[in-house]
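Remarks on the structure that follows.
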Amino acid sequence: RGPEPFTPTGQPEDVPQEALAQGGAYLTTALGTRLPDSDHSLKAGPRGPVLLRDHHLREKITHFDHERIPERVVHARGAAAHGIFRSYGTAATVTKAAFLAEGAETPVFVRFSTVLGSRGSADTVRDTRGFATKFYTSEGVFDLVGNNIPVFFIQDAIKFPDIIHAGKPHPDREIPQAQSAHDTFWDFVSLHTEATHHTLWNMSDRGIPRSFRTMEGFGVHTFRLVDAAGATTLVKFHWKPKAGVHSLVWEEAQLINGMDPDFHRRDLADAIEAGAFPQWELGIQAFPDTPEQMFEGIDLLDPTKIVPEELAPVQPIGLLTLNANPSNFFAETEQVAFHVGHLVPGIDVTDDPLLAGRLFSYLDTQITRLGGPNFTQLPINRSHAVVNDMLRDGMHQTAVHSGAAPYKPNSLDGGCPFFAGQQEGGYVEVPVEVASAPRVREAPATFADHFSQPRLFWLSLSPVEREHVIAAYTFELGKVYEQAIKERTLQVLAEIDPVLCEQVAAGLGLPAPKAAEPLPSVTPSPALSQVGKVWPTT
Ligand code: HEM
């Protein structure tokens, strides 16, 4: 018997629903023995000692004792919804992925999250937001595991534990929960200046979204699409909210944190329940797949860089509608397991060194978080495509596999159809040339520019948006204890723009340093500043 077909509630279809909740006619033990009483332990007389032989008491308490699983090491707090993705077919010229064919409809599950706070932290903190989408396609699961900010703090995954250690609560006092009052965070981002671009987005209004429904989403890395003939195109993925991009102002965010720390998850669930289904268009920026993997001088493998939409417009390829709330938070929102390596034919990865580390990290962490290697069988993670793997046994194995020979080729269970060469229709990695190069631990020269794109972003902001950025840096740095960290951060701000640096320095009561070198001349990008604006769509 293979895995059960997926149902939204995650239950085998032949089990009556009332038997799976507390709503049935009577209660039972975990194994179905009917219980007359679940309120009183078995005792020697009404006032007597409780008897160890009371299996129901022990089963009930033991199960309760094990209800918690580890929270995610990052993105622990989140909220999610089911939905549907309808493809416009406009990407069919560049990818053979079936779910991107014209008119294809694919069920999805989307989880939004903050990054640094724990499961019980507040929603409207200043932080990056996760925007992870699981597409249950006819060819297997495709996960687009993105954020609401188009760039990342670091260029190489080997620094990921370091940036997260710097951003998570201090190891001694376990405060704070977000990017405020944080010597370690500011220490890291002022020493590792590739973090400047992401940090500037965090300090802008993008760091405090009004609602999950009004956030953009970004795949961040460059991916590679493959068409039926094997031709490839480099792309960046974008989610554009139909409701426009809207943020809170800092005072609102602070008040809401105190008055309704569940503000974002409530907003999402209420909107869906009321039938106001949130929608996003999925879009791609497409670039020729040249050996250099550069576009207009921008290194497409550098996850701290965007490609301005003026240079490469975002082309809409489909519509996402979230139309159903999860019926059980733990079973669905908590147990869902996204992975950038969940790919389908027609979509491949690139050599972005940050992406390479992610390809390792997600499966690894989920084996701990979800208690072994069989979490792909959980209803929320199960593929809607036929699964025919040779993965066997392990903790929490729920499939009862038949056959005697889980290896290929074999001469016992149906022969050896996979024996010779590639299978028609299978996932084939693009045979990209790997350059003959020395083994080194170093970054390419193109990764060295850390300031021109932050400057581009800053110059694109409206006056009121700039005021918010200045206020955010002043507030956050005002909570830093170490003077040297403040001074080093001001030097970073001087490399972005003198006005930004001078205003923040004035707010902190410190002298404003000068940029080490003359600042580059950049053309502001109007599309970068979209707070409150609706993306013009088809
Ligand atoms: C979650 C690692 C960079 C987006 C996670 C988790 C880990 C992780 C371990 C927890 C997963 C789980 O327990 O199920 C890493 C590493 C990174 C990295 C090692 C870089 C080296 C990024 C980037 C993005 C991102 C660049 C966005 C483009 C997310 C999202 C989640 C997540 C959205 C939450 C998924 C969910 O809702 O369950 N990441 N991450 N991460 N990561 Fe990353």
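The values are calculated or read from the model by the stated rules, or taken from the named source; none is laboratory data. Predicted, not measured: the structure shown is a model, and the values here were computed from it. Cβ atoms come from the backbone with ideal geometry, glycine included; neighbour counts cover every protein chain shown.
Considering only region 465-482, how many residues are hydroxyl-bearing (Ser, Thr, Tyr) and in a loop (DSSP other than H, G, I, E, B)?
1
Mind checking which pairs have a first residue in region 196-220 that is farther than 23 Å from ARG265 by Cβ and in contact (Cβ under 8 Å) with a residue 12 or more places away in the chain and a second that is assigned to a strand (DSSP E or B) and within 15 Å of the ligand (Cβ to nearest atom), Cβ under 7 Å, 6 or more apart or different chains?
Qualifying pairs under 7 Å: GLY219/LEU144; GLY219/GLY146; GLY219/LYS236; GLY219/PHE237; VAL220/GLY146; VAL220/ASN147.
State the number of residues belonging to region 372-416 that are surrounded by 14 or more Cβ atoms within 10 Å (Cβ to Cβ) and either closer than 23 Å to THR333 by Cα or within 16 Å of the ligand (Cβ to nearest atom) (or both).
16
Mind counting the residues in region 117-145 that are surrounded by 23 or more Cβ atoms within 10 Å (Cβ to Cβ), among the hydroxyl-bearing types (Ser, Thr, Tyr) and either away from the ligand (no atom under 16 Å from the Cβ) or over 15 Å from the mean Cα position of the chain (by Cα) (or both)?
Number satisfying all stated conditions: 2.
Can you run down the residue pairs with Cβ atoms below 9 Å, 6 or more apart or on separate chains, where the first is in region 98-112 and touching a residue at least 40 places away in the same chain (Cβ under 8 Å) and the partner is among the charged types (D, E, K, R) and more than 16 Å from the ligand (Cβ to nearest atom)?
Every condition considered, the pairs that remain are ALA98/GLU139; PHE99/GLU105; PHE99/GLU139.
Give region 443-464 a look and list any residue that's touching a residue at least 12 places away in the same chain (Cβ under 8 Å) and not in a helix (DSSP H, G or I), or say none.
Those that are touching a residue at least 12 places away in the same chain (Cβ under 8 Å) and not in a helix (DSSP H, G or I): ALA443, PRO444, HIS450, PHE451, LEU461, SER462.
Does VAL74 count as at pLDDT 95 or above and within 16 Å of the ligand (Cβ to nearest atom)?
When the stated conditions are applied, VAL74 passes them.
Filtering region 426-481 down to residues that are charged (D, E, K, R) and within 28 Å of the chain's Cα centre (by Cα), which residue is surrounded by the fewest Cβ atoms within 10 Å (Cβ to Cβ)?
ARG441
Of the residues HIS63, HIS82, HIS56, which single one is within 30 Å of LEU268 (Cα to Cα), out of contact with any Gly (no Cβ under 8 Å at 6 or more places or on another chain) and either modelled with pLDDT under 95 or not in a loop (DSSP other than H, G, I, E, B) (or both)?
HIS82
Would you check if VAL464 is farther than 18 Å from LEU301 by Cβ and at pLDDT below 95?
no
Kindly establish whether ALA331 is under 19 Å from ALA81 (Cα atoms), part of a helix (DSSP H, G or I) and at pLDDT 95 or above.
Considered against the rule, which asks whether it is under 19 Å from ALA81 (Cα atoms), part of a helix (DSSP H, G or I) and at pLDDT 95 or above, ALA331 comes out as yes.
What do you reckon, is ASP162 touching a strand residue (DSSP E or B) at 6+ places or on another chain (Cβ under 9 Å), of a type outside the set (Ser, Thr, Tyr) and either at pLDDT 95 or above or part of a loop (DSSP other than H, G, I, E, B) (or both)?
no
Hey, could you check region 1-47 for residues that are over 33 Å from the mean Cα position of the chain (by Cα) and not in a loop (DSSP other than H, G, I, E, B) and say which is modelled with the highest pLDDT?
LYS43
Cβ-Cβ under 6 Å, sequence separation 6+ or interchain: first residue in region 46-73 and within 30 Å of ILE367 (Cβ to Cβ), partner of a type outside the set (Gly, Ala, Ser) and part of a loop (DSSP other than H, G, I, E, B). Which pairs?
GLU71/ARG119
What residue, among those in region 336-371 that are part of a loop (DSSP other than H, G, I, E, B) and over 25 Å from HIS221 (Cα atoms), is nearest to the ligand (Cβ to nearest atom)?
Once the filter is applied, the top-ranked residue is LEU370.
Which numbered condition in (1) closer than 22 Å to LYS486 by Cα; (2) within 15 Å of the chain's Cα centre (by Cα) is the only one that LYS168 fails?
(2) is the only condition that LYS168 fails.
When you scan region 102-110, do you find a residue that is closer than 22 Å to SER247 by Cα and either within 9 Å of the ligand (Cβ to nearest atom) or in a loop (DSSP other than H, G, I, E, B) (or both), even just one?
The answer is yes, given that some residue of region 102-110 is closer than 22 Å to SER247 by Cα and either within 9 Å of the ligand (Cβ to nearest atom) or in a loop (DSSP other than H, G, I, E, B) (or both).
Under 7 Å by Cβ, and 6 or more places apart or on different chains, what pairs join a residue from region 495-520 that is on the phi < 0 side of the Ramachandran plot with one that is loosely packed, with under 15 Cβ neighbours inside 10 Å and not in a loop (DSSP other than H, G, I, E, B)?
LEU508/GLY478
Would you tally the residues in region 146-155 being more than 28 Å from ALA81 (Cβ to Cβ), near the ligand (Cβ under 8 Å from one of its atoms) and of a type outside the set (Val, Ile, Thr)?
Number satisfying all stated conditions: 0.
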